[in-house]
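Okay, structure first, notes after.
The values are calculated or read from the model by the stated rules, or taken from the named source; none is laboratory data. Predicted model only: the values in this text are computed from it and were never measured. Because the Cβ atoms are built from the backbone with ideal geometry, glycine has one as well, and the counts that use them run over all protein chains shown. Please note that ligands, DNA and RNA were not included when accessible areas were found on the heavy atoms of the full protein model with its side chains. Shrake-Rupley method; radii C 1.70, N 1.55, O 1.52, S 1.80 Å.
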Amino acid sequence: TELSSQVQAFAKQSGSTYFVVMLAAYSALLSRYAATTDLVIGTPMSGRDREEVSGLIGIFLNTLALRIDLDANPTFNELVQRARQSAFEGFANPDLPFEKLVDELQPSRDMSYSPIFQTMLVVHQADDTNQSDMVNIKSRPIPFETHTAKFDLTLFVTQSSAGSSAIFEYNTDLFDRTTIERMLS
């Protein structure tokens, strides 16, 4: 809880958001492991910002590809500003479907991994009541495990009033448990 509060305070002080600070931190971690300064990280984005879909039932998600530049060994504050700019640019174009981006860029395709990016960051603001009330409908999340990684590496961060938690979903052909535990620590 204390660390989560400090991250939240840092985000506010830097004129950023919790998501952007997590994006910067994840970028710094990946840059060290991958020995690269040019990263593309995917993140899901809700598509409920249009009036015409506000009353519909269903999931309206799009995937954004956020490019992060760690060239010239930036300080963490500088990296947060770079991540903020990347997120700002990505979120400014929410209506471009990821599939359309892939069609336009036409990257060389290999069915063994996702085009454009192979790692994802998912930051979720948890409902502290663990139950949502809609008009005469009550729902609650049902935990489940897929046992299949959709990307090489996905970091899921859940933020709530009790603090934050993080888990990795990873391709076991590429990572072992010891490496993932070291990344989490």
Legend entry - the chain - percent relative contact order, Cα under 8 Å, separation 6 or more: 20 percent
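Suppose only helical runs count, i.e. DSSP H with n ≥ 4. What mean residue ellipticity at 222 nm does that imply for the chain under -39500 (n - 2.57) per run, divided by all residues and rounded to the nearest 500 deg cm²/dmol?
Using -39500 (n - 2.57) per qualifying helix, the result is -10500 deg cm²/dmol.
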Legend entry - Accessible solvent surface per residue of the chain, calculated while the other protein chains remain in place, 1.4 angstrom probe, Å²: 68 Å²
Inset, instruction - Would you kindly state how much longer the chain becomes between residue 156 and residue 14 on full extension, computed as 0.36 nm times their sequence separation minus their alpha carbon distance, in nm to one decimal? - result: 48.8 nm
Legend entry - Electrostatic dipole magnitude of the chain [Cβ: Lys, Arg +1; Asp, Glu -1; Cα centre; debye, to 20]: 300 debye
Legend entry - Residue with peak Gaussian network fluctuation, the chain [Cα springs, cutoff 10 Å], from 136, 62, 171: 136
Legend entry - Cut-off 15 Å, label 7 Å out along Cα→Cβ of residue 147, residues of segment 167-185 by amide N: 172
Inset, instruction - Divide the volume of the convex hull of the Cα atoms of the chain by its number of residues and quote the answer in cubic angstrom per residue. - result: 157 Å³
Inset, instruction - Find which of 147, 26, 1 sits farthest along the positive direction of the dipole of the chain, computed with +1 on the beta-carbon of Lys and Arg, -1 on that of Asp and Glu, about the Cα centre. - result: 1
Legend entry - Carbon and sulfur %, accessible surface of the chain computed with the full protein complex present, 1.4 Å: 53 percent
